[in-house]
Amino acid sequence: MRSLIDISELTTKEIEELIETADDIINNPAKYAHKCAGKKLATLFFEPSTRTRLSFEAAMYELGGNVLGFSESQSSSAAKGESVADTAKTVSCYADIIAMRHPKEGAPLVAAMNAGVPVINAGDGGHNHPTQTLADLLTIHREKGRFENLTVGFCGDLKFGRTVHSLISALRRYSGVRFVFVSPNELKIPDYVKASLERDGISYSETTDLESAMSSFDILYMTRVQRERFFNEEEYLRLKDSYILTPEKLQNARPDLSIMHPLPRVNEISVSIDSDPRACYFKQVLYGKYMRMALILKLLEVE
Ligand code: NCD
């Protein structure tokens with residue numbers, strides 16, 4: 001029995017297979033409509049979510065399965081002081097697979113160590129968000145047709161952004177990938193990420209200036225400043241609008257740039273960019289559902 005806590009647990013071949021399955025689901029949805037009949041997914045969300053939770057639920061329904069769960073820790077026994085381990089053991093009696101989001105890094109791992117069913121990390125604190133990364137990977141694959149030799153700009157909150165940490169961890173395995181980290185000094189990519197890129201000889205650079213780096217990007221991954229991870233509201237207010245992508249800032253961008261964002265967007269991308277053919281963020285939402293379908297099939301070992 002396997003869980004998915006960190007994207008690095010998937011081999012390159014497994015990622016390829018998940019993409020193949022997702023592509024097949026997109027082309028032949030009827031073939032998959034009853035694959036999970038009689039199975040139940042539990043969504044245990046201890047932190048707010050729109051896309052991730054609903055996309056897991058839609059994924060399970062489209063596979064013919066059922067869904068149970070909660071979307072607020074206050075409505076679960078966590079409010080009475082129950083541990084994550086006990087919640088995981090309990091829910092394993094009701095469901096065949098669990099998707100868990102938690103504000104504490106490592107909570108889904110603790111759940112996986114105690115659950116009797118596979119656990120999928122649906123975002124743990126500032127650490128990892130592997131199913132968002134699967135959505136991002138399918139988007140890149142469909143937009144670019146490859147993962148190799150891409151220059152990927154990450155912009156915004158690179159310190160707390162778990163989607164950034166996860167996507168770097170997935171893309172770093174492909175040859176010729178270069179990362180450009182654009183952030184205010186206070187929200188730089190963590191040192192441990194940089195140290196591990198350096199150790200493996202993976203090319204990266206850091207800047208505070210989005211426009212000067214714009215022309216180099218094949219992909220620009222914008223992110224929200226993660227308000228809920230700040231200790232100090234003033235600091236958040238000072239940093240929240242550090243980067244706002246507008247049509248003017250795209251003047252030097254490549255015509256085949258892919259603009260991505262895990263959403264929710266607050267202010268980071270002007271809505272006037274939504275109609276630009278380079279905007280991919282609503283495609284990411286849709287692709288996320290197909291990749292979650294592929295992942296559920298894999299972890300439940302459905303043929
Ligand atoms: C992201 C998350 O939860 O980390 N949202 C998502 O799942 N698509 C990004 C964010 O909240 O900024």
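Please determine whether any residue of the range 220-243 is closer than 23 Å to Phe147 by Cα and out of contact with any Leu (no Cβ under 9 Å at 6 or more places or on another chain). No.
Any residue in the range 224-237 that is away from the ligand (no atom under 14 Å from the Cβ), buried (at least 19 other Cβ atoms within 10 Å of the Cβ) and not in a loop (DSSP other than H, G, I, E, B)? Checked the range 224-237: no residue is away from the ligand (no atom under 14 Å from the Cβ), buried (at least 19 other Cβ atoms within 10 Å of the Cβ) and not in a loop (DSSP other than H, G, I, E, B).
Being modelled with pLDDT of 95 or more, among the aliphatic types (A, V, I, L, M) and within 16 Å of the ligand (Cβ to nearest atom), is that true of even one residue in the range 59-66? Don't jump to the end; show me each part of the working.
Applying the first criterion (modelled with pLDDT of 95 or more) to the range 59-66 yields 59-66.
Right, trim to among the aliphatic types (A, V, I, L, M) and you get 59-60, 63.
From what is left, the residues that are within 16 Å of the ligand (Cβ to nearest atom) are 59.
Looking through the range 59-66, at least one residue is modelled with pLDDT of 95 or more, among the aliphatic types (A, V, I, L, M) and within 16 Å of the ligand (Cβ to nearest atom).
From Met260, Met291, grab the single residue that is within 16 Å of the ligand (Cβ to nearest atom), touching a residue at least 60 places away in the same chain (Cβ under 8 Å) and touching a Cys at 6+ places or on another chain (Cβ under 8 Å). Steps first, please.
Numbers: Met291 fails: touching a Cys at 6+ places or on another chain (Cβ under 8 Å).
Selected residue: Met260, the only one of Met260, Met291 that is within 16 Å of the ligand (Cβ to nearest atom), touching a residue at least 60 places away in the same chain (Cβ under 8 Å) and touching a Cys at 6+ places or on another chain (Cβ under 8 Å).
May I ask you to verify whether Glu228 is within 23 Å of the chain's Cα centre (by Cα) and either basic (Lys, Arg) or assigned by TED's automatic domain parsing to the domain that holds Thr139 (or both)? Yes; evaluated as a whole, the condition is true for this residue. A count restricted to the range 82-126 and to residues that are of a type outside the set (A, V, I, L, M, F, W, C) and away from the ligand (no atom under 16 Å from the Cβ) stands at 12. What single numbered condition from (1) surrounded by 18 or more Cβ atoms within 10 Å (Cβ to Cβ); (2) within 16 Å of the ligand (Cβ to nearest atom); (3) not aliphatic (A, V, I, L, M) fails to hold for Pro48? That leaves (1) as the condition not met.
If you take the residues in the range 143-168 that are part of a strand (DSSP E or B) and more than 14 Å from the ligand (Cβ to nearest atom), which one is nearest to Thr208 (Cα to Cα)?
The extreme case among them is Gly153.
The values are calculated or read from the model by the stated rules, or taken from the named source; none is laboratory data. Quick caveat, the model's predicted, so the values are computed rather than measured. Methodologically, a virtual Cβ is constructed for each residue, glycine included, from the backbone with ideal geometry; neighbour enumeration extends over all protein chains shown.
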